[in-house]
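Since the structure comes first, as structure tokens, the remarks are kept for the end.
The values are calculated or read from the model by the stated rules, or taken from the named source; none is laboratory data. This one's a predicted model, so the numbers in the text were calculated from it and none came from an experiment. FYI the Cβ positions are ideal-geometry reconstructions off the backbone, even for glycines, and counts take in every protein chain you see. Keep in mind that these areas ignore ligands, DNA and RNA; they rest on the heavy atoms of the full protein, side chains included. Shrake-Rupley method; radii C 1.70, N 1.55, O 1.52, S 1.80 Å.
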Amino acid sequence: MQDRKKRLLWTVLAVVLPGPWTPVVVLAYVLDRVADRDRETPCHDGAPPYPPPDPYACVPADRNPYTPTQ
């Protein structure tokens, strides 16, 4: 919903302002969209979102350590 309101605002600005200002409004709209995408996109540095399993752990990786032992 917020995106639709912003788009409507940019469209109204582009229509209401005189002709020489239209490229400025379009450039501001494009820069605003790029800034929004940068804020929404999580940063990926190539690292997985979780640590790799410990090869020296006492419990096998496929077994749940919280289940009761038999």
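Things to note:
- Scan region 19-45 for residues that are outside any helix (DSSP H, G or I) and at pLDDT 80 or above and the total you get is 0.
- Hits in region 1-10 (condition: open to solvent by less than 80 Å² (accessible area, probe 1.4 Å) and out of contact with any helix residue (DSSP H, G or I) (no Cβ under 6 Å at 6 or more places or on another chain)): 3, 6
- Scope region 11-20; condition hydrophobic (A, V, I, L, M, F, W, C) and open to solvent by less than 80 Å² (accessible area, probe 1.4 Å); matching residues: 12, 13, 14, 17
- Hey, residue 3 modelled with pLDDT of 75 or more and assigned to a helix (DSSP H, G or I) or not: yes
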